[in-house]
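The structure appears below as structure tokens.
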Amino acid sequence: MPDAAVAARASEATSDNTVQQVDIAVVGAGFAGLYLLHRLRKAGFTTVVLDEAGDVGGTWYWNRYPGARCDIQTIDYSYTFDPELESAWKWSEKYATQPEILRYLGFVADRYDLRRDIRFGTRVKAATWDQAAERWRLTIDRGAGISCRHYIMATGCLSTPKPPEIDGVNDFKGEIYFTGRWPHEEVKLAGKRVAVIGTGSSGIQAIPLIAEQAAHLTVFQRTPNFALPAHNGPAPADRVALLESDRAGYREQARWSLAGVPWPQNTVFSWQLSDAERRERFEKAWATGDLVCILTQLWADQGGDPDGNALVAELIREKIRATVKDPEAAAALSPYDHPFGAKRPCLDTNYYATYNRANVTLVNLRQEPIKSITATGITTDRRSFDLDVIVFATGFDAMTGAIMAVHPITGRGGKSLSAVWANGPQTYLGLAVSGFPNLFMITGPGSPSVLSNMIVSIEQHVDWIVDRLAAMRETGFTTIEATETAQAGWERHMADCSMLTLHRLANTWYTGANVPGKARGVMPYTGGVGPYRAICNEVVGRGMLGFRLTGPDGRQQCNDGEIVRLQPDVRLVLNMLAEMKLPPIETMGAAGARAFVAQFNAARPAGRPVGDVVDGTLPGTDGLLPYRLYRPATPGPHPIVVYFHGGGWVLGDEQSDDPFCRDLCRRSGMIFVSVGYRHAPEHRFPTAAEDGYAATRWIAQHAAELGGRPGPVLVAGWSAGGNIAAVTCQLARDRGGPEIAGQLLVCPVTDATFDRSSYNENAEGYFLTRSLMYWFWDLYCSPADRTDPRCSPLRGKLQGLPPAFVVTAEFDPLRDEGIAYAEALGAAGVPVEQLMARGHFHSSFTMVDVVITGVSGRARMAEALRRFAGLPQTMGPCGEDVRRDRNAPPPAVNAAAE
Ligand code: NAP
């Protein structure tokens, strides 16, 4: 639609000088605003949509630069709410151009007759909550303003361009363009000397096309980005066939996937593949030309582990070197400063090959920063470039910028949103902000938004909000507001989720790092689209948990609380286990339970490679005991850690904690010898304890034979294995050795008492249950023996024990006895450190490569072991060496909460 026509209609809408009264006002007429309007209307709400632009389109209205396309395949980047709409529109290409996407949005607006409720060319200048009226008052730049019950920001995540931040922009006498505000009339670049500043997605899409037109193109690059060939063309037959074979199923799968596009979850880890197999996978993904594919389908550790990620990054850099003929340019174009995917990778068409053209120059701003823009061009600190045109592809004040741009937003008690967000956005679910009743955001900071297929996320938000508004109307509530508790809980959950991916490690617009002075932090939700949807549904299922609703008659409803207290990956594991509807382990009998554990362990990710794994036997008190030895790949001899597996003295064996032993062996750089002690009910108390002690003594005596460092050993154990490790330390002290340099107790059993709070709070629902613990105790030890320190070490003498690192998990029945043991050790003068792992469960740390948020805890365990062993350096969370000040005191004793 021509702008003039739109403007005429918009002014008709505002010719009335009375304040417009509506149920709901929406800012933004892009993908989000249009669907919102459609749904609100269908639900019977009077609605007005406001947009500064001359027509529908949102970000697609403004971003008209040459080469602008979507980077999610268009069959996925489409509305899914109406099957008839889906069959009424056919995309012409795999990645549609901006004009085609804009035509699509126009088509949608026409089909549902949306334009009549949109006021184009209208800017909101202020929004103020009127507590008495329980309405938002909007001041706009044309007309008398708007009064609405609810105010919804559908302003998009990437719609407010950031300022150029380079001195002298106003001095330039040539033409200046911003990719994010490209003119509607044709921009003629033929025969001109053009500069592009910025090599993000916008620059990378525009550069090849500008190079074809311009006499000369100079690209000013500050940070190189990863770009992949889009291989554009018709939509790929396999994806179309997948969609068309079951359209509803495909869409539903997208809604529950991690990124909003249905691709299977990868379960193979990089270390399980040979170089050739990795390359084959990579080449296949490269040929697919799909961001979600290459970001998720190579190997399971590519997105969350720096080592797995580095393998992809290097394969891409190889592609860059193979394409760009000038080695200096190739080096400058190769990203090294961020993990692949931590910054949005770009989809390109001939981007790298463009640098082989004679009319293209790359200026590496890391070597020669821009000094200023002058009347005639750009001056770096080495040279000057005469230019006719400068194109700024310098990006956006992302996620918060567009919301802040319609400031001031003043909430309850005169609270200003910019003040509340001064240190970074705080939201509940990315949907609402405490202190701002009846204000919602679509794909706001704190929701998956830009880390997902935006359309899937938009539809989810819109549906959730409209359903809530309709429910409020039915129940007579007039206001809804997030509570502070819920919001603080969400912030914590966001921080927990940010540990699942590598986004936190890069300076990007995801983290606010691209805008000088902006608060830093991962702004989008990194926990995935499906898990996020489940959480939003759970909020509703739990009576609008974390929202306060009020009605005119003084009625209130507020189920306050935090929606997710578990670590995000722990939540996924527990949900998965709950869905399996397993019978309680204690009902399986010992043989059945052992078979179950074997089956369960067979399905977990294989542990990572270590230098050497050796199986052997050692003499116990009553015959041979099996062991498995894990040796680091680094030169020895290494200190030895004697390890005792978990399993309630009944289950498991020397191999059953294999991934955990491998991980700690790698991180600590020590030999781990996992001992196959004997089990109940065949061998009841004190067999396991005595086996543990005997094995430790033998290993200490034969350290050199085992390839280890002679001298004191260390002990470690998880769960019942933690019990055996603790007992071994007491026995070694009392029976004349061996010397033990330190003990690592992970969620240990320390006392046969079941009245501590954690036994009740975490009795069920966290895999290790109270009744399972009762069963273990019954099989292992008769009640009369349970006060013996060889099964309840908390009841023993604690003076003179080796230094300890005690790990407890918040959602573990054993939590409080672990804490009690650490406190008692401390009281007895034993140096002790505690790691109280927030949001974790009993198995968090042994589920290596499943519970990713356990990584930092295991890194700390390894650090503690190294310290106990007197090793001079420690290793960082991801295995990298981190020098520590050898003169610095060890970390403060006690109670670091993770
Ligand atoms: P961007 O990714 O933030 O890239 C901006 C570029 O400008 C970066 O290379 C940045 O360098 C550079 N820059 C910024 N300020 C600068 C300065 N003062 N001096 C020199 N260089 C400067 O922005 P974008 O390219 O517009 O893309 C933003 C996001 O929009 C994308 O990540 C994507 O999600 C979306 N988008 C998608 C598509 C698509 O393919 N569908 C197209 C365009 C945009 P530094 O990295 O050093 O800061």
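The values are calculated or read from the model by the stated rules, or taken from the named source; none is laboratory data. As the structure is a prediction and not an experimental result, all values here were calculated from the model. Don't worry about glycine lacking a Cβ; one is built from the backbone with ideal geometry, like all the others, and counts go over all protein chains shown. These accessible areas exclude ligands, DNA and RNA; they are computed on the full protein's heavy atoms, side chains included. Shrake-Rupley method; radii C 1.70, N 1.55, O 1.52, S 1.80 Å.
Pairs from the table (415/518; 90/325; 284/325; 42/90; 343/371; 94/319) lying more than 30 angstrom apart at Cα are 90/325.
Estimated from helices alone, the mean residue ellipticity of the chain at 222 nm is -10000 deg cm²/dmol (sum of -39500 (n - 2.57) over DSSP H runs with n ≥ 4, per residue).
Please work out the C-alpha center-to-center distance from the stretch 230-288 to the stretch 837-864 and express it in whole Å. Between the Cα centres of the stretch 230-288 and the stretch 837-864 lies a distance of 30 Å.
For the stretch 474-535 and the stretch 393-459, what is the separation of their C-alpha centers, rounded to whole Å? For the stretch 474-535 versus the stretch 393-459, the Cα centre distance is 10 Å.
Using a probe of 1.4 angstrom and keeping all protein chains present, the accessible surface of the stretch 593-668 works out to 37 square angstrom per residue. Using a cutoff of 8 angstrom between alpha carbon atoms and counting only pairs six or more residues apart, the relative contact order for the chain works out to 10 percent. Modelled this way, with points 7 Å down the Cα-to-C-beta line, the labels at residue 471 and residue 367 are 5.9 nm from one another.
For residue 581, the aspartates and glutamates whose Cα falls under 14 Å of its own Cα, not counting residues fewer than eight places away in the same chain, are 764.
When the Cα centres of the stretch 41-88 and the stretch 675-729 are compared, how far apart do they sit, in Å? Computed from Cα coordinates, the inter-centre distance equals 64 Å. Average projection, convex hull of the Cα set of the chain: 40.4 square nanometres. Working from label points 7 Å from Cα in the Cα-to-Cβ sense, the residue 542 to residue 412 distance is 2.0 nm. FRET efficiency for the residue 310 to residue 263 pair, using the beta carbon distance and R₀ = 35 Å, is estimated at 0.95. Modelled this way, with points 7 Å down the Cα-to-C-beta line, the labels at residue 246 and residue 273 are 2.6 nm from one another. Stretching the chain fully between residue 46 and residue 81 yields a gain of 10.5 nm (0.36 nm per residue, less the alpha carbon separation). Here the relative contact order of the stretch 282-364, from alpha carbon pairs under 8 Å that lie six or more residues apart, stands at 26 percent.
When only alpha carbons of the stretch 54-126 are considered, Rg and Dmax amount to 13.3, 41 Å. When peptides 306-316, 726-736 are ranked by their average number of other Cβ atoms within 10 Å per residue, the highest-first order is 726-736, 306-316.
Calculated accessible area for the stretch 135-284 comes out at 45 Å² per residue, all protein chains present (probe 1.4 Å; ligands, DNA, RNA ignored).
Calculated FRET efficiency, residue 133 to residue 520, Cβ-Cβ distance, R0 = 56 Å: about 0.90 to the nearest 0.05.
With R₀ set to 35 Å, the beta-carbon distance separating residue 173 from residue 322 gives a calculated FRET efficiency near 0.30. Net length available on complete extension from residue 838 to residue 184 is 230.1 nm, with 0.36 nm assigned per residue and the Cα-Cα distance removed. Per-residue extension of 0.36 nm, minus the Cα-Cα distance of residue 787 and residue 764, leaves a gain of 5.7 nm for this segment.
DSSP bridge analysis restricted to the chain gives an antiparallel fraction near 35%, rounded to the nearest 5.
Shape class for the stretch 34-83: oblate, because the ratio a/c of the largest to smallest gyration tensor axis (alpha-carbon atoms, square roots of eigenvalues) is 1.5 or more and b/c is at least a/b.
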